[in-house]
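Where a number appears in this text, it was derived from the coordinates with a stated rule and is not lab data. Remember, predicted model here, so these are calculated numbers, not experimental data. Neighbour counts run over all protein chains shown; Cβ positions are idealised from the backbone, glycine included.
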Amino acid sequence: MISVMPLREIAAVARQGWLIGARTLGWSDRAVLEPESTHAVAFVHGFMAAGPVFDPLRAQVEADGMDTLDFTYASTGRFERIAAELAARLHTAADGRRLALVGHSLGGLLARWAMQKHGVPAETLITIATPHAGTEIARRWPLPLARALRPGSEVLAELAPPTVPHLAIVAGRDTMVRPVSSAAADGARVHWLHEVGHNAVLYDDEAHRLVTGALRSWRRRSAEHPRSDAAE
């Protein structure tokens with residue numbers, strides 16, 4: 001008999017495929033950014049996925065009154081080039097807005113690189129099942145982007161702990177991040193979801209509560225500490 005967790009992962013992968021297909025084959029960015037908006041949350045997907053996989057979580061964030069955008073990239077590119085393209089998009093989105101980043105798996109590393117190497121002014125970071133110390137699984141993948149995910153890679157060696165509040169969500173049944181503890185980033189507030197897998201965590205109710213709660217806290221903090229350039 002197939003156990004409950006593999007079935008949940010299979011269902012999550014199928015859901016991702018449906019979400020990607022539902023957005024006119026999915027390979028495009030989507031932004032909900034009003035001209036007068038003050039806060040934006042950017043979502044960055046993982047390896048071999050696309051922006052629409054975040055749509056259920058984004059709907060909850062938008063219901064909280066925050067604008068959102070996502071960034072879709074092809075997994076055949078190089079890490080540094082994709083991160084530079086992400087950074088350019090985020091700098092545009094951050095024009096006049098406070099910015100938070102949410103990354104799943106590889107997306108968390110791309111977000112960190114965009115902040116550290118390209119000066120993206122994000123004020124909070126949430127990573128979900130992100131292999132901050134790499135994953136042994138990536139040694140099996142020949143694509144250039146996968147090299148960044150290997151333990152000891154040049155990309156990982158250059159990344160320093162984020163200097164903004166960072167929530168790292170660990171999927172305890174993760175079969176893609178190995179060891180699973182790689183998702184527990186140094187310096188982050190780490191929350192383990194012990195009974196959820198790598199893909200299912202995107203649709204897990206507790207994960208959604210953690211993400212939306214962290215974003216609400218960020219918005220409260222930002223209200224207490226206006227940006228110095230707010231009047232510019």
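According to the calculation over all Cα-Cα pairs in the chain, the P(r) per 5 Å bin from zero is 1, 7, 15, 20, 22, 18, 11, 5, 2, 1, 0, 0, 0 %.
Pairing the Cα long axis of helix 205-224 with the longest principal axis of the chain, what angle in degrees results, from 0 to 90 and rounded to the nearest 10? So the helix axis and the longest Cα principal axis differ by about 20 degrees.
What is the local net charge at ALA146, summed over the other residues whose Cβ is closer than 12 Å to its Cβ (Lys, Arg +1; Asp, Glu -1)? Could you put the intermediate results ahead of the total?
Details: positive: ARG78, ARG139, ARG140, ARG147, ARG150; negative: GLU136.
It works out to a net charge of +4.
Other residues lying with their Cβ under 15 Å from the Cβ of ALA84 contribute a combined charge of +2, Lys and Arg counting +1, Asp and Glu -1. With the charge dipole of the chain set up from +1 on Lys and Arg Cβ and -1 on Asp and Glu Cβ about the Cα centre, the Cα lying farthest toward the positive end among the listed residues GLY134, LEU33, GLY17 is that of GLY134. Segment 145-174 to segment 39-61: how many Å between their Cα centroids? Segment 145-174 and segment 39-61 have Cα centres spaced 18 Å from each other.
Taken along its three principal axes, the alpha carbon spread of segment 150-196 comes to 32, 25, 9 Å, from the longest extent down to the shortest.
Rounded to the nearest 500, the 222 nm mean residue ellipticity of the chain from helices alone is -11500 deg cm²/dmol, with -39,500 (n - 2.57) taken per DSSP H run of at least 4 residues.
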